[in-house]
Amino acid sequence: MAATRTFSIIKPDATERNLTGAVNKVIEEGGLRIVGQRRIHMTREQAEQFYGVHKERPFFGELVEFMTSAPVVVQVLEGDNAVPRYREIMGATNPAEADDGTIRKLFAKSIGENSVHGSDSDENAAIEIAQFFTEADIVG
Ligand code: ADP
Ligand code: MG
């Protein structure tokens, strides 16, 4: 199986509770490799662009506020079937519905403050990676 890439964000609720290493441990034990990583404080413009697909949703304003409220860690993850594999490792959007052992079951506070983002397709992974990384900053 060929290794592919996905894009991840460790969200403000997790960085604020000093859970970056704990989240990374679940990612690595799940079989994905962190091949790019940077800690940033997202601007409103970055968050609005990143979540543009959700612009019409009732929670959009709240989501942008949350994503800009504290630092995040943006990541590129690599491994076999990285996109669907990371969705499994993350667990369901709503932590109440997430399987045991998933990042969201272990750490998420709510459906909004749910600790991590992961791309939902290879196409979106490429778009999202390009928003935050150049190839030179990704070392596999
Ligand atoms: P996922 O992150 O699992 O791909 P979505 O793409 O549907 O989920 O939503 C993007 C993000 O928007 C979620 O991770 C969460 O932070 C937030 N969100 C989704 N649904 C809600 C909701 N009903 N209320 C508040 N925030 C939400
Ligand atoms: Mg999504």
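Data for the structure
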{"item": "FRET efficiency estimate (nearest 0.05) - Cβ-Cβ, Glu97 to Ala2, R0 30 angstrom", "result": "0.45"}
{"item": "Portion, in percent, of the accessible area of the range 70-140 that falls on carbon or sulfur, probe 1.4 Å", "result": "49"}
{"item": "Contour excess over end-to-end distance, with Cα ends at Thr134 and Phe60 and 0.36 nm allotted per residue", "result": "23.9 nm"}
{"item": "Modelled FRET efficiency - R0 25 Å, Arg38 with Asp80, Cβ distances, 0.05 increments", "result": "0.55"}
{"item": "Carbon plus sulfur fraction of accessible area for the range 1-51, probe 1.4 Å, in percent", "result": "45"}
{"item": "Helix-only mean residue ellipticity at 222 nm for the chain, each DSSP H run of n ≥ 4 adding -39500 (n - 2.57), per residue, nearest 500", "result": "-10500 deg cm²/dmol"}
{"item": "Probe 1.4 Å, accessible area per residue of the chain, Å²", "result": "52"}
{"item": "5 Å binning of all Cα-Cα separations within the chain, expressed as whole percents from 0 upward", "result": "2, 11, 21, 25, 24, 13, 4, 1"}
{"item": "Alpha-carbon Debye profile of the range 39-99, log10 I(q)/I(0) at 0.13 Å⁻¹", "result": "-0.46"}
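The values are calculated or read from the model by the stated rules, or taken from the named source; none is laboratory data. Model, not experiment: these values are computed from the prediction. Counting neighbours? That spans all protein chains shown, and the Cβs are built from the backbone with ideal geometry, glycine included. Note: areas computed on protein heavy atoms with side chains; ligands, DNA, RNA excluded. Shrake-Rupley method; radii C 1.70, N 1.55, O 1.52, S 1.80 Å.
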